[in-house]
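Peer 1: Pasting in a structure now, in structure tokens, and then I'll have a few things to ask.
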Amino acid sequence: MRLLLAAFFLLPLLAQDSRNTVIPHTDTHFTPSTYRSLDEWKARRALLQKQVLSAAGLLPYPDRSPLKPEIFGRLERNGYSIEKVLIQTLPGYYLAGNLYRPLGKPGKHPGIVSPHGHWSYGRLEHTPSGSIPARAVNLARQGYVVFAYDMVGYNDTLQTPHVFGGPREQLWSFGPLGLQLWNSIRAVDFLESLPDVDPARLGATGASGGATQLFLLTAVDDRIKAAVPVNMISAIMQGGSPCENAPGLRFDTFNVDFGAMIAPRPLLMVSATGDWTRNNLTEEVPAVRKVYELYDAVAQLEAVQIDAPHNYNQASRDAMYPFFAKHLLHASNLAEFKEKSFPVEGLADMLALHRRNMPDGALTYNQLFEQWIRAAKLQIQPSRERLSLVFGLDTSSKVNRTTEGDLTVLSREGRGDRVTAIQTGSNPRTIVVHPTGATEATAPKEAALLLTTFQTGRSKARRESPKKYHLTFNRSDDANRVQDIVTAINYLHAQSPTPIELRCTEVAAVWCTFAAAMSPVKVKLDAPLGNFKGTDQDFLDDFFVPGIQRAGGLTAALALLKP
């Protein structure tokens, strides 16, 4: 028998769920969070580090297979040399770059990884607004070993395009951001393996999309001891490329948090008056400084703003050289570290694959994706944490209850979400979920909460069309439905520790299966899955949550439900 409450339909229009009205995107003006103690920040940092790795498809890391570096095509110039490099960051997948080394300076040197941004010529861009060779040559002359390497789809690194990945790839967290972050981690592996590099003195610098790569690298890899991200740490723009915007990356966070994760290591924030970092000195730098204050390390944070459009121009580079000299060379005569002119090499002399075939065994795009899937399956271990990260699940917020007519409304404190339900009887210990909402649910004989989850039934609401990279900042509808079920479980558990039963039908059975698997409260689950077997097509058709297969998918959820 269906539960039909006439009064339900006579209620005034419900207040809006914040998930339909506050929809962050790459151009949202974010407000930095305030951290009251170092312990609070460290806990937040640890969570964000896992969130970055989860969004990148690197939780856990792939196997660090042998790099098998090829270093060739050496050019010797006044005070420095340039070589071509190919390394295997994954079996059959090659990252290319150029290695710049000092000449006439024996011993071990600091190392610098140098990711480029979205310049037309990639790592070989040499224009007044940005020159990767200029910074690499000058750093090499000053005494560093520099590895300037490609973004995916640029120059010699062409086994994938720069923009790639559809919904199926998203299920497995296979995309340009994760591949580039892994390439950056392996670039550090390569640099520290060189006999003329001191692995205790590694730095990183890059601008724009290269700065995004840099601060994500420093967020997860403590081997980088000093960093100079240029023109990217902003509260008003979070990146314009898929290589900066993987699904799940910025749940409840933005680039200022990522930039601050290098603390207390030395950081120079370089901004420009003519781009989205124009507010750095009054907004973003003070926010990052508050994190450094928690470490009592404010002296390690520096900032400079250049009166220019978006750039990594000579003025920006001249701010970077003395910073690295101070922290990595331990020099005292910092005023001497300025840019000097150099001969620009021809593109053909710098490209690793000029008149050279890709190495034998190099994978095609499809082969690389299938290898990624096979490797991920070998790493599947049932993990509530890994699943929770791809859902962006919140289990810690207090759940408040209000009533509106015959409706019970649950909301997580400080979140502004609304989970509506019809309560039958008093002190319910059963939750019933139907895919089209509470009015279609069959009420059991015992007291129960009949849920209407996000964007189902009467909770359907108008909202703006999703902006580009919507899932970078916002949970999918299916992930929000799972959150609503967990919110209801947490609410009932807070009322009484007695057992809770979860009864779900049709596709809602899939929602409930994952909710029960991730819930911190053990529940009795009655949720027949029918034809849902957990294949990629099942998830694409009926339950879309980016990263879910990389985190173990249905196999992990069912394993977590076992007694």
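Peer 1: Looking at segment 358-407, which of the residues that are farther than 30 Å from Leu558 by Cβ and among the hydroxyl-bearing types (Ser, Thr, Tyr) is surrounded by the fewest Cβ atoms within 10 Å (Cβ to Cβ)?
Peer 2: Thr403
Peer 1: Oh, and also: For segment 314-324, indicate whether the set of residues that are under 21 Å from Pro264 (Cβ atoms) and either polar (S, T, N, Q) or surrounded by fewer than 21 Cβ atoms within 10 Å (Cβ to Cβ) (or both) is non-empty.
Peer 2: yes
Peer 1: Of the conditions (1) aliphatic (A, V, I, L, M); (2) modelled with pLDDT of 95 or more; (3) part of a loop (DSSP other than H, G, I, E, B), Ile380 fails just one. Which one is it?
Peer 2: In the conditions (1) aliphatic (A, V, I, L, M); (2) modelled with pLDDT of 95 or more; (3) part of a loop (DSSP other than H, G, I, E, B), Ile380 misses (2) alone.
Peer 1: Quickly run through segment 138-152 and pick out the residues that are part of a helix (DSSP H, G or I), buried (at least 24 other Cβ atoms within 10 Å of the Cβ) and touching a strand residue (DSSP E or B) at 6+ places or on another chain (Cβ under 6 Å).
Peer 2: Within segment 138-152, Leu139, Ala140 qualify.
Peer 1: Any chance segment 433-447 includes a residue that's small (Gly, Ala, Ser), on the phi < 0 side of the Ramachandran plot and assigned by TED's automatic domain parsing to the domain that holds Trp182?
Peer 2: No: zero hits.
Peer 1: While we're here: Take Pro528 and decide whether it is part of a loop (DSSP other than H, G, I, E, B) and over 18 Å from Gln170 (Cβ atoms).
Peer 2: Here the answer is yes, as Pro528 does meet what is asked.
Peer 1: How many residues are under 30 Å from Tyr295 (Cα atoms), under 23 Å from the mean Cα position of the chain (by Cα) and among the charged types (D, E, K, R) when one looks only at segment 25-82?
Peer 2: Of the residues in that region, 6 qualify.
Peer 1: Something else: Suppose we keep only residues that are surrounded by 19 or more Cβ atoms within 10 Å (Cβ to Cβ), part of a loop (DSSP other than H, G, I, E, B) and small (Gly, Ala, Ser) within segment 410-442. Which one would you say is farthest from the chain's Cα centre (by Cα)?
Peer 2: Per the criteria, the residue is Ala441.
Peer 1: When only residues in segment 248-262 that are hydrophobic (A, V, I, L, M, F, W, C) and within 13 Å of Val291 (Cβ to Cβ) count, which is nearest to the chain's Cα centre (by Cα)?
Peer 2: Phe258
Peer 1: Which of the residues that make up segment 376-409 are within 28 Å of the chain's Cα centre (by Cα) and of a type in the set (A, V, I, L, M, F, W, C)?
Peer 2: Ala376, Leu378, Ile380, Leu387, Leu389, Val390, Phe391, Leu393, Val399
Peer 1: Which count do you get for residues in segment 331-357 that are modelled with pLDDT of 95 or more and either surrounded by 15 or more Cβ atoms within 10 Å (Cβ to Cβ) or closer than 20 Å to Ser114 by Cα (or both)?
Peer 2: Residues in segment 331-357 being modelled with pLDDT of 95 or more and either surrounded by 15 or more Cβ atoms within 10 Å (Cβ to Cβ) or closer than 20 Å to Ser114 by Cα (or both): 16 in total.
Peer 1: Considering segment 245-280 alone, what residues qualify as being charged (D, E, K, R) and in contact (Cβ under 8 Å) with a residue 40 or more places away in the chain?
Peer 2: Arg250, Asp252, Asp257, Arg265, Asp275
Peer 1: Quick one: is Arg458 more than 30 Å from the chain's Cα centre (by Cα), surrounded by 15 or more Cβ atoms within 10 Å (Cβ to Cβ), part of a helix (DSSP H, G or I) and not assigned by TED's automatic domain parsing to the domain that holds Phe251?
Peer 2: Judged against the criteria, Arg458 is a match.
Peer 1: Further question: If a residue has to be in contact with a helix residue (DSSP H, G or I) (Cβ under 8 Å, 6 or more places away or on another chain) and surrounded by fewer than 21 Cβ atoms within 10 Å (Cβ to Cβ) to count, how many in segment 539-563 make the cut?
Peer 2: So the answer is 6.
Peer 1: Confirm whether Ala508 is touching a Pro at 6+ places or on another chain (Cβ under 6 Å), at pLDDT 95 or above and assigned by TED's automatic domain parsing to the domain that holds Val390.
Peer 2: When the stated conditions are applied, Ala508 passes them.
Peer 1: Return only the number of the condition from (1) in contact with a helix residue (DSSP H, G or I) (Cβ under 9 Å, 6 or more places away or on another chain); (2) farther than 14 Å from Leu181 by Cα; (3) in contact (Cβ under 8 Å) with a residue 12 or more places away in the chain that Leu53 does not satisfy.
Peer 2: That leaves (2) as the condition not met.
Peer 1: Hey, among Asp360, Asp318, which residue is closer than 30 Å to Val256 by Cα, assigned by TED's automatic domain parsing to the domain that holds Ser129, more than 25 Å from the chain's Cα centre (by Cα) and among the acidic types (Asp, Glu)?
Peer 2: Asp318
Peer 1: In this structure, is Ala263 assigned to a loop (DSSP other than H, G, I, E, B), closer than 18 Å to Leu48 by Cα, in the same structural domain as Ala56 (by TED's automatic domain parsing) and modelled with pLDDT of 95 or more?
Peer 2: It is true that Ala263 is assigned to a loop (DSSP other than H, G, I, E, B), closer than 18 Å to Leu48 by Cα, in the same structural domain as Ala56 (by TED's automatic domain parsing) and modelled with pLDDT of 95 or more.
Peer 1: Hey, Val52 hits all of (1) surrounded by 15 or more Cβ atoms within 10 Å (Cβ to Cβ); (2) in a loop (DSSP other than H, G, I, E, B) but one; which does it fall short on?
Peer 2: (2)
Peer 1: Which residues, taken from segment 409-420, are closer than 16 Å to Gln495 by Cα and in contact with a helix residue (DSSP H, G or I) (Cβ under 9 Å, 6 or more places away or on another chain)?
Peer 2: Leu410, Ser411, Arg412
Peer 1: Could you say which residue among Arg386, Arg401 is charged (D, E, K, R), over 17 Å from Gln495 (Cα atoms) and not assigned by TED's automatic domain parsing to the domain that holds Pro60?
Peer 2: Sole residue among the options that is charged (D, E, K, R), over 17 Å from Gln495 (Cα atoms) and not assigned by TED's automatic domain parsing to the domain that holds Pro60: Arg386.
Peer 1: Failed condition for Leu451, given (1) surrounded by 24 or more Cβ atoms within 10 Å (Cβ to Cβ); (2) in contact (Cβ under 8 Å) with a residue 40 or more places away in the chain, with all others met?
Peer 2: (2)
Peer 1: Quick check on my filter: what residues within segment 331-376 are closer than 30 Å to Gly79 by Cβ, in a helix (DSSP H, G or I) and in contact with a strand residue (DSSP E or B) (Cβ under 9 Å, 6 or more places away or on another chain)?
Peer 2: Matches in segment 331-376: Asp349, Met350.
Peer 1: Could you tell me whether segment 194-208 includes any residue that is under 29 Å from His470 (Cα atoms), in the same structural domain as His330 (by TED's automatic domain parsing) and not hydroxyl-bearing (Ser, Thr, Tyr)?
Peer 2: Yes, because at least one residue in segment 194-208 is under 29 Å from His470 (Cα atoms), in the same structural domain as His330 (by TED's automatic domain parsing) and not hydroxyl-bearing (Ser, Thr, Tyr).
The values are calculated or read from the model by the stated rules, or taken from the named source; none is laboratory data. Note that the coordinates shown come from a computational prediction; the quantities given were computed from them, not determined experimentally. Positions of Cβ are backbone-derived with ideal geometry, glycine not excepted, and every protein chain shown enters the neighbour counts.
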